[in-house]
Structures are given as C-alpha cells and as structure tokens.
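Input: a single structure, listed below in structure tokens.
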Amino acid sequence: MSLEILLKYPVVLLAGFLTTWLLTPAAMALSNRFGLMDQPGGRHIHKSPIPRGGGIAVFAGMHAVCAAVFLLPWSSFQATLSHEWWGRFAIVSSLVFLLGLADDLRGLKPVTKLAGQAAIALLAFSLGFRAGNMLGFGLPLIMDIAVTVLWFVTICNAFNLIDGMDGLAAGLGAIAGLGLAGWLVLRRLPGDVLITFGLIGPCLAFLRYNFHPARCFLGDSGSLTIGFAVAAISISTGSKGMTMAAILVPLLAAGIPLLDSMLAIWRRTARGMAAGPSSGGHAGVMTADSDHLHHRLLRSFGSQPATAGRLYAGAITLVAVGLLSMLFHAKAMGIYVVAFVAAVYVVVKHIARTEIAASGAAVLVGLRRPTRSAVLLMLYPGWDAASLAASFSLALYLAGEFLTMESYKEAWFGQVPLWVGLPMVALVLTRSYSKIWSRARMSEFLQAAVYVAVGLLVAAALTNIVNEVPARSLAIQFLSCLALSEFGILLRRAVPQAVTEADWSRAASSGAETGAERVLIYGAGGEGWLYLRSLDPHSNPEAARRHVVGFIDDDPALQDRYIGGFRVFGGSDRIVEIVRSENVTHIVLTRDPGPAGKARAEDAAKATGAIARVWRSSEDPMGAAPP
C-alpha cells in the first residue's frame, strides 16, 4: 500500500473538518452582523438568541472536501464521481444553500420553499442526477423526473424537519455519511468514499459548536444542504443492476429523519381531518407542531444530550441493518423482515401514540358525518383517476395511427403519468376533495374545469417536448381528452346541483312575488339542507308563502358559499346586520346553535321585530321544545 493511499483519506477528511471548524466562528459573527439569529419562544426550546448561520461553514467544508479530492495532485483512482460531477453538484448545492439562506433571512412561505426545492431538483435532473441510474431498471422519462424530484425534496425536508434540537441534524448527517461510506466500500467503490467525507468531516466539526448547549445552529441553509448532499451522493453513485439490499441502504442512512417526516405527515393529516371544516383550513400538513421525535423524547428524558444520543443510536442501528443485508445478500430478505417487524413494534408501541390518537379522532369525526357523503368523498379520487385514464386511452387511440397494439401500449405507458397525474394535481390544487359538491357554487365548478384543462394543456406540452408528437395528433388528443374528462369529472358533479339550484331559485322568486315571509335559515349544514328541501314547491303547497333570503352559519368553511342557490351570508355575529339589510321577517333555527348562538338569535329577533323559530320536522316558537 503506497504512502499516498495512506495519506489521501485523512487529508481529505481533515480538509472538510478543519474548514468548518475554523469558519464556524466567522459564520457566527456574520449571523450577529446581519441579524441571522434564532429567537427563543414558541416551538423553540433554547432560552436565548443563537446564531443560525452554521450552514455557511458546513457548505464551505463540503466543497473543501471536493477541492481536496479533485484539485490536489493525487494519482488517478477509480471512482464514478469526477471533476464534472463536482461542477454540477456545486451548481445545484449552491442553489439549495441560497434557498435555505433566504428562508433563514426572510422566512419564506412553506409553499414557496417547496416550489424552490422542486425547481432545483428539476435542474439537478437535467444535469444528470437521475433516480433511474440506481433503481436497477429503466424508467420512462416522466416517471424518472417524478421519482428524482420526490427523492431530493423528501430527503432535503427530512433533514430540515429533524433540525429542531442541539446537535441532532449535524449528528444524523455524519451518521448518514458513514452509512453511505460503508455502502460504497461494500460495492467496491473506495474512490467515491472520499466524497462522503464532505458529510462526515464538516458535520463532526460543526458538532463542536452545535452540541448541547449549542452556540450556533445550522439554519435551513445547513439542514437543506446536508439533506441535498445525502440525496445527491446516493443517486449519483447508484448503478443499474444493484440489488434491492443495496438500493435500500441510502434510505436507511436517512432513516430517522425520514421516519420523523412520515410521522409528521401522518399526524398533521389526521389532525386536519379531525378538525374538519371548522378549523378554517388552519390544520394541515404544513402546520408546524411540537410533536417531532426529538420533542417527544425530550419530554420523556428531559435532557437534550440523552435525546440526541438515543436518536443517534437509532440511526446507527438502521445503517447497520442495511450494511448487514449487503454483507449477507442471500439472507437480506430475512434481515429486513426481522428489522421491519421490530421497527413496527417500536413505532406503534412507543413512538406513534400521538399519530394513532389523531387518527382515532379523525375516524370518529368521519363516523359522525353522513355516511353517503363520506363514501362519496372517498370515491371521488378513484372516479376522477378512472375517468381521466379512460378519457386519455380513447383520446390517444383517436389521435394516433398505431400499426400494432404494442406501439399503442408503449405510447400509453409513456404518457399516462402526465395525462392522469397533472389533472389530478390540478384537482387537488382546487381543493376538490375537501369540498362538499352538493353545496358548491357554480363558479367553483368552473374553476375546477379550468384547472383540469390547464393540467391537460401542460401534459400536452410536455408530451410534445419529450416524445415530439405531431402537432395535429397532439391537438386531437388534447381536445378529445379534455371533452371526455370534463364530462366524466365535472358534469357528473354539476348537473344535479344545477337542476336543484334552478328549481329552488324559481321557488324563491315565486315567494317574493306574493309578499311571502322572508326567511333567514340559521344553519347551513345537513339540517338546513333538509329544511330547504321541505320548501320544494312540488311537494309542499305552503312553500310559496316563504321566500328564503339565505343562510347564516358559524362554520367559516361554509360562509360566502351558496347552498341550493342561496348565499351563506356569514356567522351569527352578523345576524342583526343581515336581518335588517335583507328585510328578514322570520329566523328559522335548523340546529341547536348553543347558548351563545341562541342568545344572538333572540337578541336579533327583539331588535328587529323578526320572529325566531326552531325547526325540526315543523317550526316551533323560540324556547319551545321541538315535537
């Protein structure tokens, strides 16, 4: 073994370690100078302002390692990563670092930060960082793009979310680097191990300032950079033909941050479902909380070093499982099954209690909702996806001149992710699956129709770029798919609602002509819906005596919507104003509004001279028990 080989590894490791060690005090001074300080309070567990510019030193240390590998006069060595790789990595990692720094300085909105990460991931794909390089089989171009973007965004955000306690993200980054180094050694790529020192050295050096009690934080610039480096190294050093055991090691190397991210998505989604519309849209996946793994362990053990140590041990265990599966390839499945069963036991019994409780609350809320509405809500996504797939299949057949069924199948599999996936994303963006369509306005149907059309238009544009489909065929395909999918997705929702609104609107106009009672309905939920149905002029001759002016409801999700063609004006806090402006003569309470709501209705009746009644199957004066 030559002296150069003995020197190369420690020199490269020390290049990153010393660069970060020496630059961290300067990064702290810059943080003080430009107000880049993490203030205590809220979800933060530190007690005084702490600089959060540590990402500057970690980023510099990472590229010092690359410089030591590629610029020092070493003899040539075998590796898949080269000068060219460093140039491409420098571009995209710099953009990730700047995105994180902008968030540290200005506080970007979560959606803005996520969009920035996705855009950088697309650039990385165009520069050759592709998931298809490591999965062991070829991927269609669109699917390769989607998997690559998902990989980068997921790993980056996993390390970003776990960075909530002294020494945690940096320590887990170092362990991830060690895991990737072992992975590369077992795959006989010792030259590429040098690049993993860009994670190990800087992260270990930064722990000198970041371990409890921390004097400097990574900030988003540091945590996103570490996550991006883990994703980039693993995706760049992968190769087709790798075993499943080898493919899973990079996931296990980032296992603790990924587990924390999955639990956060599970927990926040369940809480949002349990909160329902009454939350006003404030309970969602991007709503921050204090139930991350480190928060819970800290509450249990009361010590940040103890909490970090346990999470380090968990990360090392996951890395060991992955490396053992590579060493004992023939027994990899058995190793993973045993590890999976043990992990499920630990997660369910000791970790995921909060998520299970939130899921139980969501289930109970779902059981209290009307069964038919709950079933329809679950069926909508399946119906929409099936409608889009069927529409695309027919449109592709009409537009193309396929000589064989094999050529049609090849085109179908190559394009279907675009033509189904993008319109489905559009439906999600219009909050299609959070709406109760029987209470939606026609403008919301039109909005959804436009978004689906835009999704299909983008799909057509990308199809033309990727596959160079003739313009005439693509136009026929787009127009056919648009017409068929809009019919299947939107007209199915809109036609019954339009007929109902027209019928009830005619009833309201008829009542207005005869000087009927002007009725304000309190409660736009299921009971208010039933009361409105009871005024159907075809089945209730007395309906002509009543002219419904609209609804009030304290649920923010229903306010300013239209129920059966009638507006929900607002909440009970505006009841007096609404009664006077709409010349209301009768207030009909279709549900129990509670003591406060009932008091407001009574006060409005006294102040305006209107009559307030409770309705169940008939109307009763306020205060009387319903029959």
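Note that segment 483-490 has calculated 3J(HN,Hα) couplings of 5, 5, 6, 4, 5, x, 8, 9 Hz, one per residue in order, obtained from phi through the Karplus relation 6.51 cos²θ - 1.76 cosθ + 1.60 (θ = phi - 60°); glycine and proline are x. Sorting 531, 451 by the number of Cβ atoms found within 10 Å of their own Cβ, with the fewest placed first, yields 451, 531. Net charge in the neighbourhood of residue 28 (other residues with Cβ under 13 Å of its Cβ; Lys, Arg +1, Asp, Glu -1) is +3.
Summarising the amide proton neighbourhood of residue 611: residues at separation of 5 or more, or on other chains, whose placed amide H is nearer than 5 Å comprise 586, 587. Each residue of segment 60-67 was assigned a 3J(HN,Hα) from its phi angle through the Karplus curve 6.51 cos²θ - 1.76 cosθ + 1.60 (θ = phi - 60°); the sequence is 5, x, 4, 7, 5, 4, 4, 5 Hz, with glycine and proline shown as x.
Cross-link reach is defined here as a Cα-Cα straight distance under 13 Å, omitting same-chain residues fewer than 8 places apart; for residue 331 none of the aspartates and glutamates meet it. Annotation: amide H-H contacts under 5 Å for residue 563 (H modelled 1.01 Å from N, sequence separation of 5 or more, or interchain): 568.
Lys and Arg at +1, Asp and Glu at -1: add these up for the other residues within a Cβ distance under 12 Å of residue 303 and post the number.
Working: positive: 299, 310; negative: 166.
Cβ neighbours under 12 Å give a net charge of +1.
Couplings 3J(HN,Hα) for segment 103-120, derived from phi with the Karplus relation 6.51 cos²θ - 1.76 cosθ + 1.60 (θ = phi - 60°), are 5, 5, 7, 10, x, 5, 5, x, 5, 5, 5, 5, 5, x, 5, 5, 5, 5 Hz, where x marks Gly and Pro. Counting neighbouring Cβ atoms within 10 Å and putting the fewest first, the residues 529, 266, 183, 383 line up as 383, 266, 529, 183.
Just want the ordering: 19, 354, from fewest to most Cβ atoms lying within 10 Å of their own Cβ. Numbers along the way, then the final one.
Working: 19 24, 354 17.
Listed from fewest to most nearby Cβ atoms, that is 354, 19.
Residues whose amide H lies under 5 Å from that of residue 550, counting only those 5 or more places away or on a different chain, are 521; hydrogens are built 1.01 Å from N in the peptide plane.
Where a number appears in this text, it was derived from the coordinates with a stated rule and is not lab data. Just so it is clear, the model here is predicted, and its values are computed rather than measured. Don't worry about glycine lacking a Cβ; one is built from the backbone with ideal geometry, like all the others, and counts go over all protein chains shown.
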